[in-house]
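Take a look at the structure below.
The values are calculated or read from the model by the stated rules, or taken from the named source; none is laboratory data. No experiment lies behind these values; they were computed from the predicted model shown. Note that we place each Cβ from the backbone using ideal geometry, even for glycine, and neighbour counts take in every protein chain shown. Note: areas computed on protein heavy atoms with side chains; ligands, DNA, RNA excluded. Shrake-Rupley method; radii C 1.70, N 1.55, O 1.52, S 1.80 Å.
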Amino acid sequence: MRNWIAITVPAAFVLSLSACGGGSTREPAAGGPEAEKTGATCPGGGDRLPITGICAGAASAYLNPSAGDPPDAPDGCGWIVQETRFEDEALFYRATRCGDKTTRLAFAEGAGMASLAYDSVAYGDAENAMKGQVLARVAGSDSSDRTATLLRIARDAIDDPGQQQACSVRNIWIEGWPEDALVVDVSASEAAEAPPDEPRSACGPFGLNEDEAAFWRVFQGRSWFFQLGQDVWQVDPASFTLLAKGTDGRWIQVE
């Protein structure tokens, strides 16, 4: 089991999470309004999610359309939509359910970056070991340059100024990863100097690490750094979607 370390980021380099979304929201793709009627019975007598009150069977309609189809679930498991509190909003995400076990996440504020950690995991024998393990850290996002914040965070975690300036942001195209996955990495010419038969890492704790599934995404006014380890994914990182409660009491996607 990998040892995880706490990473602190100076608040001066991180935009306020609460100020990122700009208050802009959009309607879910389909099936939303009826799913939220207070006191209404969910189709088939299904349950409601505890935070939003949305029918669990309709929750997938609220996911960002860019989420696409989920990856293959582990043998004997499936994907369901879960929710967790995220400041004054709610975070929807696909999570594994294996028998009577379900993966759930817990949100925590932070001095520099907020975090999402496993509250429970559905797959494998490492439930107790993974509980409390951070899988995503979240900061703000500069509206004028969507990758500026994550690049500042990555560079600030590197002690050597020369190494800081050698790092930049690029897309990383790996099958099964979100299409908008980003990494902070050195130039192709510098990368070519690394041993070809070993996993490569670059640009500090928030940079490239070929020894695990680690990458950035920028969406809904925030910068998200995922560290999903080497094992089967318990959540689908492409499905993460923030919802805010409107003045009419309905939950809609944050822009």
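Out of the range 88-113, which residues are buried (at least 16 other Cβ atoms within 10 Å of the Cβ) and part of a loop (DSSP other than H, G, I, E, B)?
Once the filter is applied, which keeps residues that are buried (at least 16 other Cβ atoms within 10 Å of the Cβ) and part of a loop (DSSP other than H, G, I, E, B), the range 88-113 yields Thr103, Gly110, Gly112, Met113.
Please state which one of Glu198, Glu179, Glu193 is in a loop (DSSP other than H, G, I, E, B), charged (D, E, K, R) and within 26 Å of the chain's Cα centre (by Cα).
Checking each option against the conditions leaves just Glu179.
Return yes or no: is Ile252 over 21 Å from Ile158 (Cβ atoms), open to solvent by 10 Å² or more (accessible area, probe 1.4 Å) and at pLDDT 90 or above?
For Ile252, the condition - over 21 Å from Ile158 (Cβ atoms), open to solvent by 10 Å² or more (accessible area, probe 1.4 Å) and at pLDDT 90 or above - is met.
Go through the range 157-180 residue by residue and tally those that are over 15 Å from Cys203 (Cβ atoms) and crowded, with 16+ Cβ neighbours inside 10 Å.
The total comes to 2.
For (1) touching a residue at least 12 places away in the same chain (Cβ under 8 Å); (2) assigned to a strand (DSSP E or B); (3) farther than 15 Å from Val81 by Cα; (4) under 15 Å from the mean Cα position of the chain (by Cα), each residue gets a yes or a no:
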| position | (1), (2), (3), (4) |
| --- | --- |
| Phe215 | yes, yes, yes, yes |
| Val218 | yes, yes, yes, yes |
| Ser223 | yes, yes, yes, yes |
| Phe226 | yes, yes, yes, yes |
| Asp231 | yes, no, yes, no |
| Ala238 | yes, yes, no, yes |
| Leu242 | yes, yes, no, yes |
| Ile252 | yes, yes, yes, no |
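Out of contact with any helix residue (DSSP H, G or I) (no Cβ under 7 Å at 6 or more places or on another chain) and either among the hydroxyl-bearing types (Ser, Thr, Tyr) or under 30 Å from Thr96 (Cβ atoms) (or both): is that true of Ala136 in this structure?
yes
Could you list all residues from the range 114-128 that are farther than 18 Å from Phe86 by Cα and crowded, with 17+ Cβ neighbours inside 10 Å?
Val121, Ala122, Tyr123
Select from the range 129-151 the residues that are surrounded by fewer than 18 Cβ atoms within 10 Å (Cβ to Cβ) and within 24 Å of Asp72 (Cα to Cα) and write down the one among them that is nearest to the chain's Cα centre (by Cα).
By that ranking, first place goes to Gln133.
Against the conditions (1) open to solvent by less than 10 Å² (accessible area, probe 1.4 Å); (2) over 27 Å from Asp119 (Cα atoms), where does Ala202 fall short? Just the number, please.
(1)
Under 7 Å between Cβ atoms, at least 6 apart or on separate chains: pull out the pairs that start in the range 68-90 with a residue that is under 19 Å from Ile54 (Cβ atoms) and end on any residue that is at pLDDT below 90 and not in a loop (DSSP other than H, G, I, E, B).
Partner pairs satisfying both residue conditions: Glu87/Leu17; Glu87/Ser18.
In the range 17-71, which residues are open to solvent by 50 Å² or more (accessible area, probe 1.4 Å), assigned to a helix (DSSP H, G or I) and modelled with pLDDT of 60 or more?
Pro43, Gly44, Gly45, Gly57, Ser60, Pro65, Ser66
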